[in-house]
Amino acid sequence: MSGDRFARIFIVEYDVEKDHFPDVLSLRMPIITRYDGRPFYEFLGLKNYRLISRLRRVFNEVLGVEDAKVDYLRFEISLNMAGAPVEEISATDIFGLEHRIRITGLGYQLASKLENKVGKDFGEDLRYAIHDILKAMLDLRLLDKIDMGEVSRYIRKADLVKENSQRNIEALLAIGRELWNRNYRYALVRKRYTLEEIAERVKNNMQAVFH
């Protein structure tokens, strides 16, 4: 973008901010977005208004927004998943090259979100857990895309998880509305669903998991 101002896109970096667990390698990748992250000129430290104006025209033409953002796509690699189910998937990139990767099974992932997020006992004060509960709820929309038996087999204390889930979902509807309405991370989801529709969909799917 200039002689000494640039951003490396599609470069995977070590995510020191999220490195909390010995068996998880935390990584991040800077990406250009429309709505999420820091303004591109701030991220790059740009102060040349002429250059910023030129880039705004480019971003407006390509992305439909003048002030594009730069944010991090964060992901983790588990280093010790002995006994966890693994699936191999195949994907083709934009150059037509095929890649085979191994990921944790979807049923195991969704069971973990049920057990450790939506169905976890966070105590009386859920204010600091509401964001995690909401993010997990959005992921749990995938429950109707998978055999429920693949999920229920990995949940150890089904009755307790079911009870906690019901309480946490009610708390989300009661105190999580401002987070849902104001947080830009949910801007695109809000165009299609209400918070009540998300909750109802997950509750219906959970009935099949805990039948």
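For this structure, a couple of remarks:
- The lone criterion from (1) at pLDDT below 85; (2) in the same structural domain as VAL62 (by TED's automatic domain parsing) left unmet by ARG5 is number (2).
- As a summary of the residue check, ASP139 satisfies the conditions (1) modelled with pLDDT of 90 or more; (2) assigned to a loop (DSSP other than H, G, I, E, B) except for the one numbered (2).
- Being modelled with pLDDT under 90, within 20 Å of GLN207 (Cβ to Cβ) and either under 19 Å from the mean Cα position of the chain (by Cα) or hydroxyl-bearing (Ser, Thr, Tyr) (or both) holds for only one residue in LYS145, LYS120, LYS157, LYS113, and it is LYS145.
- Inspection of the range 19-30 finds a residue satisfying the criterion of being modelled with pLDDT under 85, of a type in the set (A, V, I, L, M, F, W, C) and either within 18 Å of the chain's Cα centre (by Cα) or assigned to a loop (DSSP other than H, G, I, E, B) (or both).
- Pairs with Cβ under 6 Å, 6+ apart, first in the range 44-64 and within 20 Å of ILE31 (Cα to Cα), second part of a helix (DSSP H, G or I) and among the β-branched types (Val, Ile, Thr): LEU46/ILE52
- For the range 142-157, the candidate set comprises residues that are touching a helix residue (DSSP H, G or I) at 6+ places or on another chain (Cβ under 7 Å) and assigned to a helix (DSSP H, G or I); within that set, the residue that is surrounded by the fewest Cβ atoms within 10 Å (Cβ to Cβ) is ASP144.
- Considering residues of the range 45-70 that are basic (Lys, Arg) and surrounded by fewer than 10 Cβ atoms within 10 Å (Cβ to Cβ) only, the residue nearest to ILE146 (Cα to Cα): LYS47
- Residues of the range 71-127 satisfying the condition of being of a type in the set (Phe, Trp, Tyr), surrounded by 13 or more Cβ atoms within 10 Å (Cβ to Cβ) and not in a strand (DSSP E or B): TYR108, PHE122
Conditions (1) more than 16 Å from the chain's Cα centre (by Cα); (2) among the charged types (D, E, K, R), marked per residue:
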{"residue": "ARG57", "(1), (2)": "yes, yes"}
{"residue": "VAL70", "(1), (2)": "yes, no"}
{"residue": "LEU73", "(1), (2)": "no, no"}
{"residue": "LEU79", "(1), (2)": "yes, no"}
{"residue": "ALA84", "(1), (2)": "yes, no"}
{"residue": "LEU106", "(1), (2)": "no, no"}
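- Scan of the range 158-199 for residues that are β-branched (Val, Ile, Thr), within 30 Å of VAL70 (Cβ to Cβ) and surrounded by fewer than 16 Cβ atoms within 10 Å (Cβ to Cβ), ordered by number: VAL189
The values are calculated or read from the model by the stated rules, or taken from the named source; none is laboratory data. Everything numeric here is computed off the predicted structure, so don't read it as measured data. Note that we place each Cβ from the backbone using ideal geometry, even for glycine, and neighbour counts take in every protein chain shown.
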